[in-house]
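Beneath this line is the structure, given in structure tokens, with notes to follow.
The values are calculated or read from the model by the stated rules, or taken from the named source; none is laboratory data. Everything numeric in this text was worked out from a predicted model, so none of it was measured. Every residue, glycine as well, gets a Cβ built from its backbone with ideal geometry; the counts of neighbours run over all protein chains shown. Just the protein is used for accessible areas: all its heavy atoms, side chains included, with ligands, DNA and RNA removed. Shrake-Rupley method; radii C 1.70, N 1.55, O 1.52, S 1.80 Å.
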Amino acid sequence: MKMNLNSVWYDAPAAADGSAAFSSLTQTNAQNDASHLIWKTKALPIGNGYMGAMLFGGISEERIQLNEKTLWDGKPNHITEDKSEYFRQSRAFMFAGDTEQAYKVLTENCEGSPDHYGTYTPFGNISIKIDGITPNTQTKNYRRFLDLQDALCCTEYEIDGVTYEREAFASYPDRVIVIRLSSSNPGKTGFSFHFTNQPNKSENIQTDFEDHILNICGNLSGNALRWAGAFSFHTDGTIVYENGTVKVSNAGYTDIICTMATDYLFDETKGYRSGIDPAEIVSAIMQQADNKSYEMLKNTHLTDYHALFNKTVLNLSKDNSLPTDKLRAAYGENTGHIMLDQLFFNYGRYLMIASSRPGSLPANLQGVWADQQHPCWESDYHININLQMNYYPAANCNLVECMSPLLDWVENTMIPGHRTARNVYGCDGWVSHTCNNAYGFTDPGWGDWGIAPESAAWICLNLWDMYDYTRDTTHLPRIYHCMQEAVKFYTDYMILDPASGEYVSGPSYSPENGPMTMGVKITQQLVKELYQTYITASHLDFTPISGCIKGEKMSEVTEQLSHLAAPVEIGDWGNVKEWKEYQGFELEEGSEHRHISHLIGMHPCSQITRRCPELLKAARTTLNSRGDDSTGWSRALKTLLWARAIGSDDDANLTERGKKYVRHGSNGDRAYHIYQGQVKEMLFDNLFDFHQDGEHLVEDGIFQIDGNFGSTAAIGEMLLQSHDGYLDILPSLPSAWADGNVKGLLGKGGFDVSIEWAQKMPKNAAITTNTTSECRVYQNPNFPILSIECEGIKIAFNAITEDGLTLLCFPTEKGKTYQFTY
């Protein structure tokens with residue numbers, strides 16, 4: 001079994017055989033529960049968007065923990081009365097200066113209820129106990145690995161001259177998980193297979209075994225959601241079924257095909273139920289897959305996966321000689337183990353493909369993988385940064401196809417979002433807040449942090465990236481509709497401040513920080529970005545969907561933009577302000593709060609760029625003040641922000657507290673320093689990112705996948721940026737990546753970019769365009785572009801100056817590649 005260079009690999013199982021790792025699903029929510037601790041830190045994930053599995057690589061026993069993306073407890077629960085008068089009262093109190101009463105009125109009357117909110121729920125556990133092997137059996141040449149190049153999870157070891165191998169993959173086209181067990185000696189393999197569903201969650205469970213297929217079905221006890229699973233066995237040995245256990249003996253190989261489904265449907269108008277028996281769904285899927293050989297299933301999987309994964313390739317190192325846990329343990333500023341950077345980038349893209357495919361729900365807080373009966377934060381859809389960050393790398397790292405579930409989700413969320421806009425705010429359009437689940441919860445969440453009305457604008461910018469990075473108009477009418485309905489909300493929601501005569505938002509919070517205020521900067525920045533994007537989209541050539549009028553609300557949009565309270569302002573100590581007015585609560589310099597919401601104008605928006613050097617300097621001052629340490633996803637965010645903070649951090653006005661942080665000069669090295677801190681301190685051994693809890697020990701860490709995705713996007717941003725109206729080649733290259741190459745990053749405007757560099761300087765670059773348009777490239781004075789060619793012919797370009805920047809502009813034709821010489 002050959003291991004690919006881009007493999008996450010280990011020379012020991014996730015846990016010792018017979019340990020707690022092989023117990024049933026955890027019934028507690030403790031992060032340090034022995035079984036869950038091994039699951040989140042050591043096990044390896046596979047997935048196809050619809051379902052996922054975690055594999056442990058045991059010797060005498062293999063545990064495979066299963067998830068089905070739609071297996072959600074809970075049910076719809078919405079504010080059904082008109083509460084908008086309370087919202088208006090709260091606003092009146094805010095303008096009158098009575099913030100305490102404003103808070104009281106809003107939170108006591110307009111927050112949604114957590115009742116029936118529900119939680120993402122694990123499907124079950126497979127136990128495969130190998131005959132004749134005990135926890136004390138001695139093995140040789142043990143290795144388990146996750147091949148990121150082929151999306152295969154493999155385990156192999158040798159006992160008494162016999163090599164035992166297991167290979168698993170999750171196929172999207174066939175909608176199955178496939179496991180092959182084999183040995184080098186014919187007839188040498190035997191095992192007992194047993195499936196255990198989620199304890200204390202289901203009822204009416206039925207199991208049967210017929211014609212080599214094990215079927216199991218039931219329903220969740222809380223909401224009667226029906227679920228079903230099927231496991232097919234193909235072997236050259238003997239199969240016997242006894243009391244819920246499938247026993248295979250005298251086999252050289254056994255192939256197990258698994259599929260799962262529920263009767264969930266993400267459609268409020270149909271009560272979130274499809275009306276189709278999930279047993280019929282899995283039977284139909286299995287009937288198709290069961291007639292295919294292992295090789296056919298694997299080849300179909302590889303063809304599908306490679307079509308996505310191979311679009312982008314990053315090469316920084318060819319030395320993958322250390323097991324990944326040891327590589328991470330040795331990782332540091334001066335170790336040179338940049339293979340881990342390459343692996344982590346590819347791992348993030350792998351996780352995206354594995355957890356978000358068309359037809360499935362979008363990736364949740366844990367992607368698709370959860371083993372606890374009540375995972376932290378319900379493993380739901382937080383949209384005050386987390387879901388947005390999940391999809392940051394889908395655009396710049398060339399996986400836009402994986403954003404299809406997000407578009408479906410926003411479209412369906414708009415239905416309850418219209419009700420929330422009307423009942424909570426008395427506004428047209430749609431809105432949502434921090435907490436979102438599988439049953440259309442869009443009301444303000446419980447607690448201060450749950451009130452985040454800017455979230456709808458934020459998630460719409462993710463959708464816009466689907467078009468902006470590809471210029472593919474296929475989904476543009478749907479994207480435009482989502483944006484327009486959000487615009488309808490904000491044009492009703494924004495209000496003229498009687499004191500300043502400017503449009504402000506509120507009352508709301510700066511996630512998840514400070515008191516409730518009017519005109520919080522994150523909302524001002526996002527509303528501006530949404531409005532400007534809506535104007536741009538309205539001038540494009542496309543046919544809107546039925547009922548959507550292109551340019552509707554345009555007069556309100558332009559009027560509010562012209563009188564919008566400043567989205568970005570410089571504060572008293574050279575910082576970017578987080579609130580419109582300080583009012584005594586602006587955080588002191590050196591605050592290390594994990595959210596940096598007032599820099600949303602830097603990423604993903606484009607309001608703080610090198611075109612505005614004073615704002616950029618203030619942003620670096622703010623970032624220095626917030627420090628480098630934080631929880632996993634926040635370090636990913638800081639890495640993203642520093643990647644865009646073009647310049648030197650030495651020009652920032654730091655206090656003594658701010659000066660305690662390591663100085664790196666270039667923003668690229670500062671971004672890399674923070675990224676390294678995440679790799680060293682905020683990753684489990686299986687490279688899952690974690691959020692700190694408790695005493696900030698690994699044992700207390702909560703797996704949270706947005707940190708993985710955020711850092712993947714940040715690596716892409718270090719190598720290519722396009723948010724400022726031009727392509728910027730190697731804008732924030734860390735010194736540690738002196739030599740390397742990358743293929744297939746995407747830039748806004750529909751540009752596919754490949755770069756090769758050596759000794760920290762580009763050797764060549766190539767741009768393939770997805771549209772016939774003008775390309776604008778930043779002429780970096782440190783490594784100027786000397787010539788541009790297409791198909792061996794030199795291309796004339798114009799050098800123009802904008803805001804002190806030199807840009808090279810030249811026409812492109814769709815599908816052609818343009819080579820840069822430095």
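When the Kirkwood radius is taken over all Cα pairs of the stretch 744-793, what Stokes-Einstein diffusion coefficient follows at 20 °C and 1.002 mPa s, in µm²/s? Reported coefficient: 176 µm²/s. Alpha-carbon geometry of the stretch 226-345: the Rg and the Dmax are 21.8, 59 Å, given in that order. Near S19, once Lys and Arg are set to +1 and Asp and Glu to -1 for all other residues with Cβ below 12 Å from its Cβ, the sum equals 0.
Structural size metrics of the stretch 701-806, computed from C-alpha coordinates, are Rg and Dmax of 15.3, 56 Å. Counting only DSSP beta bridges whose two residues both lie in the chain, roughly 100 percent are antiparallel.
Taking max minus min of the alpha-carbon positions on each principal axis, the stretch 31-97 gives extents of 69, 26, 20 Å, largest first. Computing P(r) over Cα pairs in 20 Å bins from 0, in percent for the structure here picks out one of [x] 12, 24, 20, 21, 18, 6, 0; [y] 11, 21, 18, 12, 13, 12, 8, 3, 0; [z] 16, 48, 31, 5, 0, namely [z]. The relative contact order of the chain comes to 12 percent, based on Cα pairs under 8 Å that sit 6 or more residues apart.
Expressed as an acute angle from 0 to 90° and rounded to the nearest 10, what is the orientation of the C-alpha long axis of helix 99-110 relative to the principal long axis of the chain? Relative to the chain, helix 99-110 is tipped by roughly 40 degrees. Panel values: the stretch 95-219, Kirkwood radius from alpha carbon pairs, Stokes-Einstein at 25 °C and 0.890 mPa s, translational diffusion coefficient 124 µm²/s. Working from Cα pairs under 8 Å separated by at least six residues, relative contact order for the stretch 390-505 is 24 percent.
Taking all protein chains together, I179, I281, I570 sort by accessible area into I570, I281, I179, largest first [probe 1.4 Å]. Taking a straight Cα-Cα cut-off under 16 Å and skipping sequence neighbours fewer than 8 places away in the same chain, the lysines within cross-link reach of K104 are K83.
Sorting I600, I205 by solvent-accessible area of protein heavy atoms yields I205, I600, largest first, with a 1.4 Å probe. Each peptide in 119-126, 619-626 gets a packing score, the mean of other Cβ atoms within 10 Å over its residues, and the list from highest to lowest is 619-626, 119-126.
For the residue pairs K270/K521; K201/K488; K326/K760; K311/K680; K553/K816; K188/K311, the alpha carbons lie more than 32 Å apart in K270/K521; K201/K488; K553/K816; K188/K311. Figure legend: label point modelled 7 angstrom from the Cα of I549 along Cα→Cβ; residues of the stretch 484-524 with amide N under 19 Å from it are 484-493.
Taking Cβ atoms as reference points and 12 Å as the exclusive limit, the residues near S356 contribute a net charge of +1, counting Lys and Arg as +1 and Asp and Glu as -1. Summed over the residues of the stretch 42-168 and divided among them, the accessible surface reaches 36 Å² per residue at a probe radius of 1.4 Å.
Per-residue packing, averaged as other Cβ atoms within 10 Å, sorts the ranges 388-394, 434-440, 555-561 into the order 388-394, 434-440, 555-561, beginning with the highest.
Summing Lys and Arg as +1 and Asp and Glu as -1 over all other residues whose Cβ lies under 15 Å from the Cβ of I793 gives a net charge of -1. If you find the alpha carbon centre of the stretch 426-483 and of the stretch 297-349, how far apart are they in angstrom? So the two Cα centres are separated by 32 Å.
Once amide H atoms are placed 1.01 Å from N in the peptide plane, what residues at a sequence separation of 5 or more from S7, or on another chain, have their amide H within under 5 Å of its amide H? Residues meeting the criterion, in which the H sits 1.01 Å from N, are L148.
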